[in-house]
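Data block below; observations after.
Here, each number is a calculation from the coordinates, and none is a lab measurement. These figures come from a predicted structure and were not determined experimentally. Positions of Cβ are backbone-derived with ideal geometry, glycine not excepted, and every protein chain shown enters the neighbour counts.
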Amino acid sequence: MPEPLVLLIGLIAAAAFVVPPLLRGVEAPAGEDEQDAAVVRHRVAIEALRDVESDHRAGSLDGSAYAEQLAQAESRAATTRAALDGPAPRPVAPLRSPERLPRLGLVVAGITAAILLGGALLPATGLANRTVVNRALADAEAAEADRQDRIAGLLDELDPGAPDPATLSDLADAYLEGSTRDDLVRAAVSLRLLIELEPDRADAYERSLTAYLRAGDFANARAVHDSYAGIATADPVELAFFDGLIALRGEEDASAAAEAFDRFLELAPDDPRAGMVRGLRDEAASGS
C-alpha cells in the first residue's frame, strides 16, 4: 500500500477518535492503562528503596551517599504512591463556544496529520514510558524465574552424600543474586558446606561474609572473619575491608573500624573501593 494512502487512513482513524469527543464537549473516559502504569511505577520505586537499604547494609554506601539515595528513593516512592492513591480523572467541562467546535475539530485533525507525517519521517526513538516500565518489570520477573530454575536444577544435581564443590559454589552464587534474607541464609549455608569440603577457599569465606553482612547478621560475620583470618590463603586486603565493615556497622566500634580501614588503604590505595573506604573511614573517625 502506498505510503500517502497509509497516512490518509491513519488521519481518518485518528479524526474519528479525536473529533467526536470535542463535538460532545467531554473528554473520552480514561481506561485502566494509567492505573496499571501507576501500580507498576510504584512497585519499581519500592524495589529501588529496598536496593538502597540492601546496599547500605552491605556497606557499599557511606553515610552521605546512603542518606542522599535514601531520600531520593523515598521521594520517588511517595510520589508513585500518591499517584496510585489519587482520584480518578474527571470529565472535561463542555467548551464555551459551540460555534467554534467544527473549526477546532479541523485544527485537531490538522495537528494529527502533522504528527502522523512527522512520525513517518522520524526514526524510531523507543517505547512509551509505560512500556519501558513494563519491560523493566518483565525483565526483572524473567531474570528471577531464570534464577529459580537454576537453583532447582543445581539442587537436583547436588548429591547430599557427596556434594560437588563446583555445584555448591554455583548454588551459593545463585542464592546471592537474590535479595531476601532466606536467599542470603541459604547462600551462607551452601558456602559453609563448601568450606568444609575445601577449607582453604578464600573466595568461599569472602562470599560468606558478604551474605552475612547483607543479611545484617554481624555476629556470624565476625565468626566467619575470624576463621578466615586463620587460613594461609586469606587476603589481608579483604580481611581489613570486612573487619572495618563489621566493626562499624555491627559492633559500633568506631576506633576499630578506623584502624581496619586505615590498614585497607595502606595495603590497597588503588583498589576500586578505596574512595568508598575513605568515606567509611571518615565516618568512623567522626564517630570515635
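Each Lys or Arg adds one and each Asp or Glu takes one away; over the other residues whose Cβ falls under 15 Å from the Cβ of THR233, this sums to -4.
Think of each Lys and Arg Cβ as +1 and each Asp and Glu Cβ as -1; about the Cα centre, that makes the dipole of the stretch 235-288 roughly 140 debye.
Count Lys and Arg as plus one, Asp and Glu as minus one, and take only other residues whose Cβ is under 13 Å from that of ALA256; the net charge is then -2.
Taking a Cβ cut-off of under 12 Å around ASP203, the surrounding Lys, Arg, Asp and Glu residues balance to a net charge of -4, with basic ones at +1 and acidic ones at -1.
From most to least packed by mean Cβ count within 10 Å, the peptides 170-176, 191-197 give 170-176, 191-197.
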